Amino acid sequence: MKKNVFIFGAGASKDEGLPIQEELLYSYFQNQQSDQFRPIIAKYFKDFFKLNINEVKKDHIPTFEEALGIIEAAIDNEQSFGPTYSQRYLRQLRTALIMAMGIAIEHCSCNANNTHERLMQALFSDSTFQQDEYGFISFNYDLLLDKSLMKILENDIYVDYGITFANETIFHPPFEHWETPGERCIRFLKPHGSFNWMHCPTCNSMYITGVKESRIFSTGYLHTVEHCLKDKTELSYVMHPPSLYFKTHRNIYVQLVWKHTYDLLAEADKVYFIGYALKDADVWMKYILKKSQVQKPKDFIVVNPQPASQLHETFERLLGEVNYLNQDFSTFVDSLNDYL
């Protein structure tokens, strides 16, 4: 049996109408509905980027990962930006930025492509399930692929995120019971975190919002602060933007997800990159890819609507020969059988 791994980048979500990283914060501020996070982000943009959010142009606003990355760097190094931007304030700002991204995506109108769901239907349409035939890696924080997997899987097949969640054993609102994956499961890894993952800095527990059934993640995007069921500590969202050149993953769960990412790729026979641009900041992923390629030769297919010039060269410089498909995600799904 050939093992296939699908890697999803921002282009996959864009195919269904979600904004890419460069557009997220602009989309958030275009929505005129006020909330508690807007003032703190507006102040941050004015102080750090000299931007007035009421006059900002689309190509001037920082990307979400740039805006969050600066804050993450200070928090990780236990530093601040003077008395105004203390460690405590930076953590509040981090939460505000993450909430803003969730709000921006939640208010987007997804198109009717249903591309993620159609991919799952194509892969599992014949109701035959072979363990480890397909694996999935996503660098997107959204829940498009999560929901699609939950919809298509049979009752006795589970999604395995590679980590254990506290609400597998204890649960009450706002967290529902998350069932521990059994022998029949599909590995789905999110090395940069997810909108619906939260971490307790006191007891080091991880939580996931949602349940396996079709009502999975009824909204998916929480706009309130939640607390640990064990010790009532305020939970933080687990979302880690790629840093430029290196990133120290202090969260033990994120470290574990990266370890599983290597294991999954090392065993793969064929790897599909869906809307993934392999940017300069993705140094850790480049390292994982190269290391897995040395472990076992594999075929690479890149699916991206960008012309096959610079991006094609970027992939081939790292991985050698790749099959570059100059098409969008939806078109690729329509002709999936030609490549499996």
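The values are calculated or read from the model by the stated rules, or taken from the named source; none is laboratory data. In this text the structure is predicted, and so the values were computed from the model without any measurement. A quick note on method: Cβ atoms are made from the backbone with ideal geometry, for glycine too, and the neighbour counts reach across all protein chains shown.
Results for (1) in a strand (DSSP E or B); (2) within 27 Å of Ile105 (Cβ to Cβ), shown as yes or no for each residue.
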{"residue": "Val159", "(1), (2)": "yes, yes"}
{"residue": "Thr164", "(1), (2)": "no, yes"}
{"residue": "Gly182", "(1), (2)": "no, no"}
{"residue": "Pro191", "(1), (2)": "no, yes"}
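Residues in region 27-46 that are of a type in the set (D, E, K, R), in contact (Cβ under 8 Å) with a residue 24 or more places away in the chain and not in a loop (DSSP other than H, G, I, E, B): Arg38 alone. Being closer than 17 Å to Gly102 by Cα and outside any loop (DSSP other than H, G, I, E, B) is not true of Ile70.
Of all residues in region 100-123, those satisfying the criterion of being at pLDDT below 85 and either of a type in the set (Gly, Ala, Ser) or surrounded by fewer than 22 Cβ atoms within 10 Å (Cβ to Cβ) (or both) are Ala100, Gly102, Ile103, Ala104, Glu106, His107, Cys108, Ser109, Cys110, Asn111, Ala112, Asn113. Taken over region 299-319, residues that are surrounded by fewer than 13 Cβ atoms within 10 Å (Cβ to Cβ) and at pLDDT 95 or above amount to 0.
Might you let me know whether region 138-147 holds any residue that is aromatic (Phe, Trp, Tyr), at pLDDT 85 or above and either outside any loop (DSSP other than H, G, I, E, B) or farther than 27 Å from Lys279 by Cα (or both)? Checked region 138-147: no residue is aromatic (Phe, Trp, Tyr), at pLDDT 85 or above and either outside any loop (DSSP other than H, G, I, E, B) or farther than 27 Å from Lys279 by Cα (or both). Against the list (1) under 28 Å from Met1 (Cβ atoms); (2) surrounded by 17 or more Cβ atoms within 10 Å (Cβ to Cβ), the condition Thr331 fails is (2). Summed over region 128-137, residues that are part of a loop (DSSP other than H, G, I, E, B) and in contact (Cβ under 8 Å) with a residue 12 or more places away in the chain total 5. Comparison of Thr164, Thr209, Thr202 shows that the only residue that is farther than 27 Å from Ile288 by Cβ and at pLDDT 90 or above is Thr202. Annotation note: Cβ proximity below 6 Å between a residue of region 216-238 that is more than 22 Å from Asp142 (Cα to Cα) and of a type in the set (Ser, Thr, Tyr) and a residue that is assigned to a loop (DSSP other than H, G, I, E, B) and modelled with pLDDT of 60 or more (sequence gap 6+ or interchain) occurs for Thr233/Cys200; Thr233/Thr202.
Here's the yes/no breakdown for (1) surrounded by 15 or more Cβ atoms within 10 Å (Cβ to Cβ); (2) modelled with pLDDT of 90 or more:
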site	(1), (2)
Cys228	yes, yes
Thr248	no, no
Leu278	yes, no
Leu289	yes, yes
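The condition of being in contact (Cβ under 8 Å) with a residue 12 or more places away in the chain, assigned to a helix (DSSP H, G or I) and out of contact with any Cys (no Cβ under 9 Å at 6 or more places or on another chain) holds for only one of Ile61, Ile105, Ile7, that being Ile105.
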